[in-house]
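**Student:** Here's a structure for you.
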């Protein structure tokens, strides 16, 4: 890192312009702010401060770049800032927190497209127009080519993820014949073509062919992945975007892009591995498989039995007597936008002297930390949120567990049914509670496509309906207001 700062002054003050010095120092400061911000994001108490540090890092980096001597015209830059602002502010203000996975997928798509376009511009300017045989900067061409490939894959892959998350395209795994052979062949062909381009960059047909295949790869890699694996996909796309940005930094000789892209790429990949482990899924199976397809989709999980339906009055009466309650949120809570109703019920229970905790499964929702984000938006204290390892031992001593829209992450089939596609996946031990209350629209299975053994257990009662409305009615009954 000290070398980065020293490079701002290399060659002596008499040989370098003040604007270049400011530019390089700005990139150093921006890099430090990003590093510190990322470190602070590891704790809930310091996360807000870390986010602000990252914001200031971005501001410093952008301002520093804008004073660089290589900029010949600010017209296109100002136009881009205006367009980005017009799109970004409404996205930030109008898109609800329940749609955060979709918004992040779109952001990844935009980032991937930007990186790919920068790579195309670099190739066209330096290797198409300014190409001189015998004077090929092969490292630069390799960086530009890799940047374009990763950016293109991130762009179309993120659009596919957005489509699945928003249900514009079916969320189920779409496995096609020979998909792995096709994807591996496309990837191998792309790498070989990149090698040819490094040797001879001024081949426009080959360059655009590589770009087109990369765009196709983004589609064929993500379409076969089902909705249950979306947390891993989001992490991977984040990693791809970071790697592409880092390659862009090498192509542009921009240290802040290299550092921040490497951080993003590395952290995204590690998080994808953590998510795979949380689902007891092999990483290769997520990338090359189709979760919920074939025989797995038709597996019953050995549930059988009949679900027992409860009324609002029944649920309120049980909760009035409960001394301890654990709330388990899932994707259904996000769909119903019921996080504020969950908070109201929690407050009513606490006013009645009940101890309330929240159990958060690592892959609950459609992105890492999805439930944490929604509950934080509802101003639920972070110290009431517990991860799987910290809460599982509490379930046997819990009077009632309330499952709000969760499914596969509480399915005992993961422990009891060896033939189940989710067998071995760590789950929340809701089935060990003294009583279980499940709020759900219907008995429809989760993304794993199997029946849930929890729903037909004798201790389980189902309250069907929109979770937001159901929670509101239960809260009203707890307060003595009936429905």
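Bear in mind that the values in this text are calculations on the coordinates, not laboratory data. This is a predicted model, so every value here is computed, not measured. For neighbour counting, all protein chains shown are included, and Cβ atoms are generated from backbone atoms with ideal geometry for every residue, glycine included.
**Student:** Express the relative contact order of the range 300-478 as a whole percentage, based on alpha carbon pairs under 8 Å and six or more residues apart in sequence.
**Tutor:** Working: 354 pairs, mean separation 61.6, N = 179.
Relative contact order here is 34 percent.
**Student:** Using the 10 angstrom Cβ neighbour count as an exposure proxy, how do 479, 418, 357, 164 rank, fewest first?
**Tutor:** Neighbour counts put them in this order, fewest first: 418, 479, 357, 164.
**Student:** Can I ask one more? Rounded to the nearest 0.05, what FRET efficiency do residue 464 and residue 219 give with R0 = 41 Å and r taken as the Cβ-Cβ distance? Could you check?
**Tutor:** Numbers: r = 37 Å, r/R0 = 0.91.
Efficiency computed from Cβ-Cβ geometry: 0.65.
**Student:** While we're looking at this one, here's another question. Could you calculate the contour length gain from residue 48 to residue 181, that is, 0.36 nm times the residue separation minus the distance between their Cα atoms, to one decimal place in nm? Provide the component values of the computation, followed by the final result.
**Tutor:** Values: separation 133, 0.36 × 133 = 47.88 nm, distance 4.50 nm.
Roughly 43.4 nm would be gained on extension.
**Student:** Now, a different point. In a solvent-free Debye calculation with one equal scatterer on each Cα, what is log10 I(q)/I(0) for the range 300-478 at q = 0.18 Å⁻¹, listed in the order of the q values?
**Tutor:** For the requested q values the scattering log ratios are -1.17.
**Student:** Across the range 145-207, how large is the tail of the calculated P(r) beyond 16 Å, expressed as a percent of all Cα pairs?
**Tutor:** Values: 1185 of 1953 pairs.
Summing the P(r) of the range 145-207 above 16 Å gives 61 percent of all pairs.
**Student:** Please work out the Cα center distance from the range 209-267 to the range 319-376, rounded to the nearest Å.
**Tutor:** The range 209-267 and the range 319-376 have Cα centres separated by 33 Å.
**Student:** Okay, helix-only estimate at 222 nm for the chain: each DSSP H run of n ≥ 4 adds -39500 (n - 2.57), divide by all residues, round to 500 deg cm²/dmol; what do you get? Display every interim value, and only then the final one.
**Tutor:** Values: 19 runs with 274 residues, N = 483.
Calculated from helices alone, the mean residue ellipticity at 222 nm is -18500 deg cm²/dmol.
**Student:** What distance in nm separates the two pseudo spin-label positions at residue 323 and residue 386, each 7 Å out from Cα along the beta-carbon direction?
**Tutor:** Taking the simple label geometry, residue 323 and residue 386 are separated by 1.5 nm.
**Student:** Let's test the formula: R0 of 60 Å, r as the Cβ-Cβ distance of residue 125 and residue 444. What FRET efficiency results, to the nearest 0.05?
**Tutor:** Numbers: r = 54 Å, r/R0 = 0.90.
It comes to 0.65.
**Student:** Further question on the same structure: Note down the nm distance, to one decimal, between modelled labels 7 Å out along Cα→Cβ at residue 36 and at residue 267.
**Tutor:** In this crude label model, residue 36 to residue 267 measures out at 1.5 nm.
**Student:** Any idea what the relative contact order of the chain is, in percent, if you count C-alpha pairs under 8 Å spaced at least 6 apart? Display every interim value, and only then the final one.
**Tutor:** Numbers: 818 pairs, mean separation 66.8, N = 483.
Relative contact order, the chain: 14 percent.
**Student:** Okay, next question. What spacing in nm lies between the two simple spin-label points modelled at residue 206 and residue 335, each 7 Å away from Cα in the Cβ direction?
**Tutor:** 5.0
**Student:** In angstroms, what radius of gyration and Dmax does the chain have, counting Cα atoms only?
**Tutor:** My reading of the Cα-based Rg and Dmax gives 25.8, 85 Å.
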